[in-house]
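Engineer: Please find one structure pasted underneath; my questions will follow.
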Amino acid sequence: MKILLVNPITHSLYGKGYKDVPSLSRALIRKLIEFPRPVSLFILSVLTPKKHEVKIIEGEPDEIDYDIDVDLVGISFTTRLAPLAYQIADRFRERGIKVVVGGWHPSALPEEALKHADSVVIGEGEYIWKDILNDLEKNKLKKFYMQSKPTDPHDIPSLIPIFKDLKVPIGIQATRGCPYGCEFCAVTHMLHRRVFRTRPVEHVVDEIEKLPQNVFIFLDNSLTISPEYTKKLFREIISRGINKKFTCFGNIDTLGRDIELLSLACKAGCVAWLVGFESVSQASLNWVKKKTNIVKNYKSAVSKIHDHGMYVIGNFMFGFDYDTTHVFDETIDMIKQCEIDVPDIMILTPLPGTPLFERLENEGRILTYDWSRYNFEDVVFQPKNMSAEDLLYNSMRVFKEIYSVGNIISRVQKAMKYGLYKFIDVAIRNFYLSKRRYQEY
């Protein structure tokens with residue numbers, strides 16, 4: 001069989017007006033701001049028996065070649081990309097081609113996804129992918145496929161075999177799952193994703209060593225869930241003399257107290273930690289069960305990361321039930337006091353499948369089911385202590401204040417202490433975010 005795996009994307013990720021700039025400028029933008037692709041489709045490609053042909057493509061609906069000769073189309077997507085994915089799926093099905101969908105959104109709303117597909121994968125797919133292919137060959141494709149157990153990390157295949165054919169950057173996956181269960185997180189509430197698992201360190205570092213790119217990101221939910229595992233991982237990178245740079249996600253509580261982890265991270269090539277601070281209100285953090293964050297420790301934790309030569313990309317969200325209008329200026333003050341190098345300001349978004357979505361829906365507070373607006377910039381629910389308009393206005397106000405020319409220059413100048421590469425990286429990330437968020441308002 002001929003199999004086409006599709007990664008829906010939106011060029012709005014590159015900022016407003018991306019399509020209107022000259023092609024040479026678009027190429028430069030994509031070179032400087034290149035997004036690592038999720039590994040799920042690449043894993044399926046490796047798992048596909050050799051008797052089948054597999055091709056992976058990406059694009060918006062109007063960029064896809066629907067006349068391509070294929071027997072099966074697989075699409076993986078998150079909530080904000082669901083409308084694009086459904087358009088692509090519908091076009092292929094109009095031609096009589098079978099479509100299988102999976103990912104965060106179809107796993108959360110399988111019945112909805114089935115309206116646009118012949119089959120839906122709920123949760124992880126390593127153990128059922130070959131079953132899907134076999135069933136399709138027998139013309140017995142099931143409506144739903146679901147693994148009875150989480151994927152053993154030893155069974156997650158190495159992606160080294162497809163590295164030679166890569167045309168886009170991809171991230172590295174060392175672990176899978178997260179035990180914390182923050183109520184707004186779509187990842188940890190997907191089937192089996194509360195089970196934390198670690199891949200063999202040697203397998204992970206083999207991939208890093210052979211990865212055809214010198215800069216990458218660890219796609220793990222957090223590399224601080226098991227500090228001992230991560231230290232072993234970093235030690236192996238160091239011992240092999242791998243000279244590559246990377247960023248990774250981490251929880252601020254562990255980063256603030258584990259000096260050895262920070263030291264090894266920097267030596268291994270870590271340039272930045274992506275941290276979900278989420279809120280400067282402890283009551284708001286407690287409300288969504290963000291157990292790893294203690295607001296009073298933010299500043300000292302960030303200082304320790306800086307002291308070890310790494311910068312911080314910090315995410316903050318507004319709209320929690322304990323947020324009042326005071327939280328906006330308090331967040332500005334916190335970002336400045338902590339000297340967050342690349343701050344991001346988002347609006348709380350209740351993604352389907354999460355306890356937060358269920359709670360707000362039961363309370364009648366969901367304002368729209370237009371999934372394209374679930375982009376962390378629109379207000380899609382009724383806040384408790386302010387109007388939807390006030391939440392949007394103040395979120396934009398904070399963003400524009402944080403990304404004023406003066407504040408950008410200040411952050412970039414301070415980044416010079418990290419060295420030339422990190423200085424340039426901080427500058428690019430600040431410029432990108434200043435052109436990326438809230439451009440439609």
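The values are calculated or read from the model by the stated rules, or taken from the named source; none is laboratory data. What you see is a predicted model; the values in this text were computed from it and never measured. Counting neighbours? That spans all protein chains shown, and the Cβs are built from the backbone with ideal geometry, glycine included.
Engineer: Please state which of the following conditions Val302 fails to meet, knowing it meets all the rest: (1) free of Cβ contacts under 8 Å to residues at least 60 places away in the same chain; (2) within 16 Å of Gln282 (Cα to Cα); (3) not in a loop (DSSP other than H, G, I, E, B).
Structural biologist: (2)
Engineer: Kindly indicate which of Lys98, Lys138, Lys142 is farther than 29 Å from Asp370 by Cα and in the same structural domain as Leu44 (by TED's automatic domain parsing).
Structural biologist: Details: Lys98 fails: farther than 29 Å from Asp370 by Cα; Lys142 fails: farther than 29 Å from Asp370 by Cα.
The unique qualifying residue is Lys138.
Engineer: Could you list, in sequence order, the residues of the stretch 282-330 that are in contact with a helix residue (DSSP H, G or I) (Cβ under 7 Å, 6 or more places away or on another chain) and on the phi > 0 side of the Ramachandran plot?
Structural biologist: Passing the criteria: Gly309, Gly319.
Engineer: Going through the stretch 414-423 one residue at a time, which ones are in contact (Cβ under 8 Å) with a residue 60 or more places away in the chain and surrounded by 15 or more Cβ atoms within 10 Å (Cβ to Cβ)?
Structural biologist: Matches in the stretch 414-423: Lys414, Ala415, Tyr418, Lys422.
Engineer: Moving on. Any residue in the stretch 223-235 that is within 18 Å of the chain's Cα centre (by Cα), of a type in the set (Ser, Thr, Tyr), at pLDDT 95 or above and closer than 20 Å to Gly177 by Cβ? Can you show your working first?
Structural biologist: Here is the first cut: in the stretch 223-235, the residues within 18 Å of the chain's Cα centre (by Cα) are 223-225.
Those still in the list that are of a type in the set (Ser, Thr, Tyr) too: 224.
Next, from what is left, pick out any that are at pLDDT 95 or above: 224.
Next, from what is left, pick out any that are closer than 20 Å to Gly177 by Cβ: 224.
Checked against the condition, which is being within 18 Å of the chain's Cα centre (by Cα), of a type in the set (Ser, Thr, Tyr), at pLDDT 95 or above and closer than 20 Å to Gly177 by Cβ, the stretch 223-235 yields at least one hit.
Engineer: For the stretch 203-212, check the following and say yes or no: at least one residue is surrounded by fewer than 20 Cβ atoms within 10 Å (Cβ to Cβ) and farther than 20 Å from His154 by Cβ.
Structural biologist: Checking the stretch 203-212: at least one residue is surrounded by fewer than 20 Cβ atoms within 10 Å (Cβ to Cβ) and farther than 20 Å from His154 by Cβ.
Engineer: When residues of the stretch 245-272 are filtered for being assigned to a helix (DSSP H, G or I) and either on the phi > 0 side of the Ramachandran plot or surrounded by fewer than 19 Cβ atoms within 10 Å (Cβ to Cβ) (or both), how many remain?
Structural biologist: Looking only at the stretch 245-272, we keep the residues that are assigned to a helix (DSSP H, G or I), and these are 252-257, 259-268.
Pick out the ones that are also either on the phi > 0 side of the Ramachandran plot or surrounded by fewer than 19 Cβ atoms within 10 Å (Cβ to Cβ) (or both) and you get 253, 257, 259-260, 263, 266-267.
Qualifying residue count for the region: 7.
Engineer: Still on this structure, please answer the following. I'd like the full set of residues that are in contact with a helix residue (DSSP H, G or I) (Cβ under 7 Å, 6 or more places away or on another chain) and not in a helix (DSSP H, G or I), limited to the stretch 218-244. Before you say what the answer is, go through the steps one by one.
Structural biologist: Taking the stretch 218-244 and keeping what is in contact with a helix residue (DSSP H, G or I) (Cβ under 7 Å, 6 or more places away or on another chain), we get 223-224, 227, 230-238, 240, 242, 244.
Correct list: Leu223, Thr224, Arg240, Ile242, Lys244.
Engineer: Let me ask another. Six or more apart or on different chains, Cβ atoms under 7 Å: show the pairs whose first residue is in the stretch 196-215 and among the acidic types (Asp, Glu) and whose second is in a loop (DSSP other than H, G, I, E, B).
Structural biologist: Taking only residues 6 or more apart or on different chains, the pairs are Asp206/Ser158; Glu207/Ser158; Glu207/Leu159; Glu209/Arg240; Glu209/Ile242.
Engineer: Scan the stretch 100-118 for residues that are of a type in the set (D, E, K, R) and closer than 20 Å to Lys130 by Cα and jot them down. Steps first, please.
Structural biologist: In the first step, residues of the stretch 100-118 are kept if they are of a type in the set (D, E, K, R); the result is 111-112, 115, 118.
Matches in the stretch 100-118: Asp118 only.
Engineer: Shifting gears a bit: Hey, could you check the stretch 86-138 for residues that are polar (S, T, N, Q) and touching a residue at least 12 places away in the same chain (Cβ under 8 Å) and say which is surrounded by the fewest Cβ atoms within 10 Å (Cβ to Cβ)? Talk me through it step by step, then tell me what you get.
Structural biologist: Narrowing the stretch 86-138 to residues polar (S, T, N, Q): 87, 107, 119, 134.
When the remaining residues are screened for being touching a residue at least 12 places away in the same chain (Cβ under 8 Å), the result is 87, 107, 119.
Working: Gln87: 15, Ser107: 25, Ser119: 23.
For the stretch 86-138, the residue satisfying everything is Gln87.
Engineer: When both residues are 6+ apart or on different chains and their Cβ atoms are under 6 Å apart, which pairs have a first residue that lies in the stretch 315-339 and is within 19 Å of Phe184 (Cα to Cα), and a second that is assigned to a helix (DSSP H, G or I) and among the β-branched types (Val, Ile, Thr)?
Structural biologist: Correct list of pairs: Phe316/Thr331.
Engineer: Which residue is surrounded by the most Cβ atoms within 10 Å (Cβ to Cβ), if the candidates are limited to the stretch 378-413 and must be under 24 Å from Phe431 (Cβ atoms) and touching a strand residue (DSSP E or B) at 6+ places or on another chain (Cβ under 6 Å)?
Structural biologist: Ser395
Engineer: OK, next. Check every one of the helices (runs of 4 or more DSSP H) wholly within the stretch 1-104 and list those with 1 or more residues that are under 24 Å from Asp220 (Cα atoms) and at pLDDT below 95. Quick ask: steps written out before the conclusion?
Structural biologist: Working: elements: 23-32, 40-47, 82-94.
Because the criterion is at least 1 residues that are under 24 Å from Asp220 (Cα atoms) and at pLDDT below 95, the helices (runs of 4 or more DSSP H) in the stretch 1-104 that meet it are 23-32, 40-47.
Engineer: Here's a follow-up. Taking the stated definitions as given, is Phe357 in the same structural domain as Gly181 (by TED's automatic domain parsing), crowded, with 17+ Cβ neighbours inside 10 Å, touching a Lys or Arg at 6+ places or on another chain (Cβ under 6 Å) and under 23 Å from Gly276 (Cβ atoms)? Spell out the reasoning first.
Structural biologist: On the way: in the same structural domain as Gly181 (by TED's automatic domain parsing): yes; crowded, with 17+ Cβ neighbours inside 10 Å: yes; touching a Lys or Arg at 6+ places or on another chain (Cβ under 6 Å): no; under 23 Å from Gly276 (Cβ atoms): yes.
Considered against the rule, which asks whether it is in the same structural domain as Gly181 (by TED's automatic domain parsing), crowded, with 17+ Cβ neighbours inside 10 Å, touching a Lys or Arg at 6+ places or on another chain (Cβ under 6 Å) and under 23 Å from Gly276 (Cβ atoms), Phe357 comes out as no.
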